[in-house]
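Colleague: Can you read through this structure? Questions will come right after.
The values are calculated or read from the model by the stated rules, or taken from the named source; none is laboratory data. Values in this document were obtained by computation on a predicted structure and should not be read as measured data. Neighbour counts run over all protein chains shown; Cβ positions are idealised from the backbone, glycine included.
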Amino acid sequence: MNPRKIYSDIVEMLSSVTSQPEAEARWFIEEIFGMSKEIFFITEEIDTVKLKRLHLLVERRIKERIPVQYIFQKAYFMGLELFVNPWVLIPRPETEILVSYVIKIYSHRRKPSFFVDVGTGSGAIAISISYVMKIPGIATDASRRALTVAKTNIEKYKVSVELLCANLLDPFKEASLDLIVSNPPYIGSNEFTTLHEEVQKEPTSSLIGGEDGHEITLKLMEQAFIRLKKGGSLIIETHRGILKKVIAGAKDLGFRVGAVIKDYNGYERVIHLEK
């Protein structure tokens with residue numbers, strides 16, 4: 001059994017379901033054999049039990065179109081390894097733009113005493129902000145199952161983040177918050193079937209933002225405007241397809257658009273709204 005041939009065969013198999021077959025093949029090798037691809041290539045004896053598991057999991061990835069993050073129950077976000085499963089959305093690099101922006105702007109202004117992350121899912125946003133900025137947070141989600149995932153990640157990194165099972169900002173009082181962050185669902189229900197099969201394996205409640213995709217974001221902005229203190233910020237991720245509606249709705253509510261940040265592909269992705 002030639003390790004390089006094993007690897008190249010896996011890459012070829014995965015190329016039918018992903019645009020990054022080499023990266024995924026490396027991930028499978030590292031997880032199953034417990035070694036880097038480079039070390040695997042010079043291994044003289046391949047563990048046949050692990051090799052069988054490799055092929056079984058790759059076949060499952062291809063046949064069932066299960067994201068590799070769910071297969072190994074981990075995802076990487078802002079340099080942190082997070083536990084994930086099908087109860088939560090898989091953290092994406094685009095959302096790191098939101099976190100990086102928050103960290104950047106509060107590096108030269110007074111930090112809030114705490115922040116709120118709405119729709120936390122795995123806890124990725126809340127954990128990374130609290131971990132880097134060393135401030136406490138409150139993370140909400142309407143899914144109790146999602147909160148069990150977030151709890152596991154919070155305990156792993158020992159950050160000061162409190163979890164609340166709640167719809168959006170329902171538990172918070174008027175003019176009580178300085179900073180709200182969120183990656184709300186923003187896909188239209190009529191678009192769902194056009195998404196990649198892997199994305200359709202993720203929880204629909206974390207993806208579908210209403211019939212047109214912007215409805216939940218608008219509801220969040222309405223609640224946020226009431227609950228933010230004067231000068232407070234709402235920093236959210238959105239999609240270019242609903243960007244104009246979101247900005248128009250924010251202005252109608254009385255928000256000032258502080259910044260619109262582009263993602264790695266040059267699309268406007270994150271909006272900073274100020275009261």
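Colleague: When you scan region 226-263, how many residues do you find that are surrounded by 17 or more Cβ atoms within 10 Å (Cβ to Cβ) and either part of a helix (DSSP H, G or I) or within 22 Å of the chain's Cα centre (by Cα) (or both)?
Modeller: 15
Colleague: Give region 236-261 a look and list any residue that's more than 20 Å from SER189 (Cα to Cα) and free of Cβ contacts under 8 Å to residues at least 12 places away in the same chain, or say none.
Modeller: Scanning region 236-261 gives ALA248, LYS251, ASP252.
Colleague: Ok, one more. Answer yes or no: is there a residue in region 153-174 that is of a type in the set (S, T, N, Q), surrounded by 16 or more Cβ atoms within 10 Å (Cβ to Cβ) and assigned to a helix (DSSP H, G or I).
Modeller: Scanning region 153-174, I find at least one residue that is of a type in the set (S, T, N, Q), surrounded by 16 or more Cβ atoms within 10 Å (Cβ to Cβ) and assigned to a helix (DSSP H, G or I), so the answer is yes.
Colleague: Within region 236-246, track down each residue that is within 21 Å of SER100 (Cα to Cα) and out of contact with any Ser or Thr (no Cβ under 8 Å at 6 or more places or on another chain).
Modeller: Here is the first cut: in region 236-246, the residues within 21 Å of SER100 (Cα to Cα) are 236-240, 243.
Correct list: HIS239, ARG240, LEU243.
Colleague: THR140: within 27 Å of ILE242 (Cα to Cα), part of a strand (DSSP E or B) and hydroxyl-bearing (Ser, Thr, Tyr), yes or no? Full working, then the answer.
Modeller: Values: within 27 Å of ILE242 (Cα to Cα): yes; part of a strand (DSSP E or B): yes; hydroxyl-bearing (Ser, Thr, Tyr): yes.
Answer is yes for this residue.
Colleague: Right, something else. Could you list all residues from region 47-68 that are more than 12 Å from PHE28 (Cβ to Cβ) and surrounded by 15 or more Cβ atoms within 10 Å (Cβ to Cβ)? Walk me through it before giving the result.
Modeller: The first filter runs over region 47-68 and keeps only residues more than 12 Å from PHE28 (Cβ to Cβ), leaving 47-49, 52, 63-67.
Within region 47-68, ARG65, ILE66, PRO67 qualify.
Colleague: Evaluate the following for TYR7: is it aromatic (Phe, Trp, Tyr), farther than 26 Å from HIS239 by Cβ, in a helix (DSSP H, G or I) and not assigned by TED's automatic domain parsing to the domain that holds ALA150?
Modeller: yes
Yes/no per residue for (1) touching a residue at least 12 places away in the same chain (Cβ under 8 Å); (2) in contact with an Asp or Glu (Cβ under 6 Å, 6 or more places away or on another chain); (3) not hydrophobic (A, V, I, L, M, F, W, C):
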| position | (1), (2), (3) |
| --- | --- |
| LEU14 | yes, yes, no |
| ALA25 | yes, no, no |
| PHE41 | yes, no, no |
| LYS52 | no, no, yes |
| ARG61 | yes, no, yes |
| PRO67 | yes, yes, yes |
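Colleague: Would a scan of region 72-84 turn up a residue that is more than 13 Å from GLU202 (Cα to Cα) and among the basic types (Lys, Arg)?
Modeller: yes
Colleague: Select, from VAL116, VAL99, the only residue that is within 12 Å of the chain's Cα centre (by Cα) and either assigned by TED's automatic domain parsing to the domain that holds GLY232 or surrounded by fewer than 21 Cβ atoms within 10 Å (Cβ to Cβ) (or both). First the steps, then the outcome.
Modeller: Numbers: VAL116 fails: within 12 Å of the chain's Cα centre (by Cα).
Of the residues listed, the single one that is within 12 Å of the chain's Cα centre (by Cα) and either assigned by TED's automatic domain parsing to the domain that holds GLY232 or surrounded by fewer than 21 Cβ atoms within 10 Å (Cβ to Cβ) (or both) is VAL99.
Colleague: Give just the number: which of (1) in a loop (DSSP other than H, G, I, E, B); (2) within 19 Å of LEU207 (Cα to Cα); (3) among the polar types (S, T, N, Q) does SER113 not satisfy?
Modeller: That leaves (2) as the condition not met.
Colleague: A follow-up question, please. If I filter region 197-216 for residues that are in contact with a helix residue (DSSP H, G or I) (Cβ under 6 Å, 6 or more places away or on another chain) and among the polar types (S, T, N, Q), do I get at least one hit?
Modeller: Here is the first cut: in region 197-216, the ones in contact with a helix residue (DSSP H, G or I) (Cβ under 6 Å, 6 or more places away or on another chain) are 208-211, 214.
Checking the rest, the ones that are also among the polar types (S, T, N, Q) come to none.
Within region 197-216, not a single residue is in contact with a helix residue (DSSP H, G or I) (Cβ under 6 Å, 6 or more places away or on another chain) and among the polar types (S, T, N, Q).
Colleague: Hey, another quick one. Can you name the residue in region 201-228 that is free of Cβ contacts under 8 Å to residues at least 40 places away in the same chain and polar (S, T, N, Q) and is also farthest from SER128 (Cα to Cα) among such residues?
Modeller: The qualifying residue farthest from SER128 (Cα to Cα) is THR204.
Colleague: Testing ARG65 on (1) closer than 23 Å to PRO184 by Cβ; (2) over 13 Å from the mean Cα position of the chain (by Cα), one condition comes back false. Which one is that?
Modeller: (1)
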